[in-house]
Each structure stands twice: as structure tokens, then as C-alpha cells.
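Everything below concerns the one structure shown next.
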Amino acid sequence: MNPQFTFNPGPAAVYPEVRQYLLDAYDEGWLSAPHRGERFQAMVRQCTENLRLKLNIPQDYTILFTSSATECWEILAQSLTPRRSFHLFNGSFGQKWFDYARALRPGCTGLRFDVNDVPDAATLPFDPAETDLVCITQNETSTATQLRDQFVLNLFNRIGPALLAVDATSSLGGAALKFIKADVWYGSVQKCLGLPAGLGLLVLSPRAVARAREINEKAHYNSLTSMITNMLNHQTTHTPNVLDIYLLSRVIAQREGIKTIAPHLQERAQKLYDYFEQVQPLGLRPLIDNPDARSVTVVGVQGPAALIEEVKRRARDEAGLQLGSGYGDHKATSFRLANFPAVPDAAFEALVQFLEKARAAVSA
């Protein structure tokens with residue numbers, strides 16, 4: 001039986017309207033629509049305009065479609081990193097980005113920091129003059145941590161000629177990102193955008209576009225130069241996921257703006273953190289001790305491995321709640337809660353009710 005609500009952080013809950021949009025896509029012929037035709041171009045044009053409007057993406061930034069956020073690791077290494085990149089990370093996805101970049105550019109360097117630390121941009125060990133790309137994970141899904149706006153700003157002010165690239169996979173569409181404070185942003189639609197997996201977004205500043213054209217790498221299938229050129233005509237280099245682009249165009253048109261969504265998610269996250277910190281139901285508490293390092297869109301909860309497994313099982317069987325599993329080093333001793341826009345308030349109310357009921361049973 002499918003759970004009533006899912007907190008899985010990806011693929012995550014989709015908007016309920018997606019069911020109707022899927023039927024509409026079939027009825028309107030989008031499943032066999034040519035991706036070089038004017039109809040597709042018009043949809044892409046409208047979709048990107050709405051993305052700018054609803055997510056507050058600057059007009060002079062270029063929006064590209066990829067197959068996933070992880071594809072961007074390869075694109076950025078091939079097209080924007082002729083020498084080396086520097087990677088700052090504290091979890092599995094930042095580590096994987098570093099590993100993939102280093103496989104293509106062996107000179108890449110990286111620094112792992114603790115999940116409860118807030119790094120100092122001024123002391124990071126890289127030379128801006130010798131580094132093509134500085135890479136950070138703004139919201140690390142695996143550790144439920146987040147780098148705040150002030151850190152991104154401080155880093156951007158330090159990098160000089162280097163470009164700043166940001167993995168925003170689990171915050172794009174849920175956090176009010178300051179796009180002008182970095183050159184590259186990327187994410188996937190199966191998290192805060194509430195859609196099925198299979199589509200990524202890559203957002204480039206004018207400086208990043210100019211750098212890609214200067215490097216002019218054309219040897220690879222997903223060359224940024226070719227992608228940028230094609231998007232001038234609202235097209236892609238490849239046969240894209242037309243269905244997911246159609247669904248994105250429908251969802252982003254009906255969604256509220258990020259200035260409304262982001263504060264709501266922040267309030268909801270704070271209530272959750274307060275609950276697990278102050279009540280500690282069944283002995284569960286926040287995975288991240290430092291409030292300044294906690295993610296807003298992915299809430300991590302920790303406890304003994306046996307308790308985590310039992311809570312996940314009982315939440316599923318007794319309350320119809322699918323809790324997201326832990327990841328990496330925290331896989332057995334934590335679960336994660338996707339605080340994404342498509343997850344309704346009722347899901348969080350049901351979660352607290354379940355935990356309170358379980359707590360009362362233990363106390364009786």
C-alpha cells in the first residue's frame with residue numbers, strides 16, 4: 001500500500017495536480033511532440049520566463065535543461081574547468097562532485113568540513129588566480145546541512161577571476177536563493193519543484209556564459225557552448241525530457257512565488273527543529289547540533305539505529321508516513337524529512353501526532 005504522505009527527500013512528493021497534467025500531456029500530444037518545432041520552443045520560452053518570475057532568477061542569467069543535477073558535474077568539469085576546481089563539502093554529494101571533477105581534472109583540490117561547522121570563506125585553501133571553478137553544495141541532502149547566504153556572499157567576494165558554482169539540488173524552488181551571488185547554480189526537479197525525476201536545471205550568470213564561450217569546449221556531447229547556442233532558440237542539444245519540461249511549465253505557472261514559499265518552509269522547519277530539540281520524542285533529536293548549519297528544506301533527525309528502524313516501520317505501518325532514510329555515514333542512525341513545497345502541512349501535523357501517540361504509549 002502506498003503511504004499517505006512521503007517525506008522522502010528525492011525522488012520526493014509530487015504536486016497532486018501532476019496527475020491531471022500527465023493526462024493533459026497525453027491528450028495534447030506532448031508525448032510525441034517534436035523538440036525542434038515551434039510549439040516546443042514556445043513552451044520552453046514560457047517555462048523559462050515563469051522560472052525567472054517565480055524563482056527570482058535574473059533576466060540576464062541563462063537557464064539550461066539537463067537530464068539531472070548530477071550530469072552538471074561532468075558538464076562543468078568539461079566546459080568550465082580547463083585547469084582545476086576547488087571543492088568545499090561535508091557530505092556524500094559534495095564528495096561525489098569532487099571525485100567526478102578530479103577524475104576528469106586530476107589537479108582539482110577539495111576540503112571536507114564538519115557537519116556542525118560554518119566555514120570561513122577567507123581561510124579556504126585555494127588560489128583564485130589558479131582556480132577555474134570554486135564549487136560548494138549550498139544544501140547538502142545527505143547531511144541535512146546548509147550554507148547560508150552570508151557565507152555564499154563572502155565567498156563570492158573573495159574568488160576574483162574564478163567562477164563560483166553552487167549545487168542547490170535540494171533547495172532550488174524551496175529557498176530564496178541569491179542568484180546574483182554566484183555564477184553557476186544547478187538542481188533537479190524531483191525535490192523542491194515537486195515533479196518526477198528526469199530533468200535538471202542549470203543556471204548561468206553572464207560571466208559564466210562569457211567564460212564558456214572563451215574556453216569554447218566543443219568536444220563533448222553536452223558542451224556548454226552548444227547548450228547555450230541552442231537555448232538562444234529555446235531548444236536543447238539533445239532530445240530532451242519533453243514530458244518533464246511540460247510538467248515543469250504547468251507546475252511553475254500555478255505555484256506561488258518563492259518570496260511566499262520560502263518563509264513558509266522556514267517557519268515549518270523551525271517548528272520541527274524546536275519540537276525535536278525541546279521534546280525529543282522517543283529520544284529522537286536533530287541530526288545537526290548547530291542551528292546555523294541546519295538545512296531548511298531537509299530536516300535530519302538522529303537516534304540509535306534500532307530506534308530509527310522501528311520509528312520508520314511504525315510510521316509507515318501505523319500512520320501511512322514514509323520517512324526518508326539516512327544517507328552515507330548517518331544512514332543507520334538517522335532519518336530525513338523533506339520539507340519541500342509539495343509536502344502539505346497536513347503531513348507534518350500527522351507526523352507530530354504519530355510521534356506524540358508513540359511517546360504517550362511509552363510513558364503509560
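The values are calculated or read from the model by the stated rules, or taken from the named source; none is laboratory data. The structure presented is a predicted model; accordingly, all values stated were derived computationally and were not measured. A quick note on method: Cβ atoms are made from the backbone with ideal geometry, for glycine too, and the neighbour counts reach across all protein chains shown.
A few comments on the model shown:
- Gly198 vs. criteria within 30 Å of Glu17 (Cα to Cα) and either surrounded by 18 or more Cβ atoms within 10 Å (Cβ to Cβ) or modelled with pLDDT under 95 (or both): no
- Val209 buried (at least 24 other Cβ atoms within 10 Å of the Cβ), closer than 16 Å to Ile57 by Cβ, at pLDDT 95 or above and in contact with a helix residue (DSSP H, G or I) (Cβ under 7 Å, 6 or more places away or on another chain): no
- Filtered by the rule that a residue be surrounded by fewer than 16 Cβ atoms within 10 Å (Cβ to Cβ) and assigned to a loop (DSSP other than H, G, I, E, B), the range 46-64 gives Pro58, Gln59, Asp60.
- Apart from one condition, Ala69 fits all of (1) free of Cβ contacts under 8 Å to residues at least 40 places away in the same chain; (2) assigned to a loop (DSSP other than H, G, I, E, B); the exception is (1).
- Per-region count, the range 299-353, residues touching a strand residue (DSSP E or B) at 6+ places or on another chain (Cβ under 6 Å) and among the aromatic types (Phe, Trp, Tyr): 1
- In the range 17-31, the residues that are in a helix (DSSP H, G or I) and without any contact (Cβ under 8 Å) to a residue 12 or more places away in the chain: Arg19, Gln20, Leu23, Tyr26, Asp27
- Taken over the range 119-138, the criterion of being in a loop (DSSP other than H, G, I, E, B) and crowded, with 16+ Cβ neighbours inside 10 Å is satisfied by Pro119, Leu124, Phe126, Thr131, Asp132, Gln138.
- Within the range 293-320, residues that are closer than 15 Å to Arg268 by Cα sit with their Cβ atoms under 9 Å from residues that are β-branched (Val, Ile, Thr) and part of a strand (DSSP E or B), at 6+ positions apart or across chains, in these pairs: Arg294/Thr145; Ser295/Thr145; Val298/Thr145; Gly300/Thr145.
- In the range 36-47, the residues that are in the same structural domain as His234 (by TED's automatic domain parsing) form Cβ pairs under 7 Å with partners that are aromatic (Phe, Trp, Tyr), at six or more places apart or across chains, as follows: Met43/Tyr246.
- Residue within the range 192-214 that is without any contact (Cβ under 8 Å) to a residue 12 or more places away in the chain and under 27 Å from Leu163 (Cβ atoms) present: yes
- In the range 283-313, of all residues being surrounded by 16 or more Cβ atoms within 10 Å (Cβ to Cβ) and in a helix (DSSP H, G or I), the one that is nearest to the chain's Cα centre (by Cα) corresponds to Ala293.
- Residue in the range 281-292 that is in contact (Cβ under 8 Å) with a residue 24 or more places away in the chain, among the polar types (S, T, N, Q) and more than 21 Å from Val14 (Cα to Cα) present: yes
- Checking Arg250 against (1) basic (Lys, Arg); (2) part of a helix (DSSP H, G or I); (3) farther than 30 Å from Asn339 by Cβ, the condition it does not meet: (3)
- Residue in the range 274-282 that is within 26 Å of the chain's Cα centre (by Cα) and under 23 Å from Ala168 (Cα atoms) present: no
- Residue selection: Ala253 fails the criterion of being small (Gly, Ala, Ser), touching a residue at least 40 places away in the same chain (Cβ under 8 Å) and under 26 Å from Thr143 (Cα atoms).
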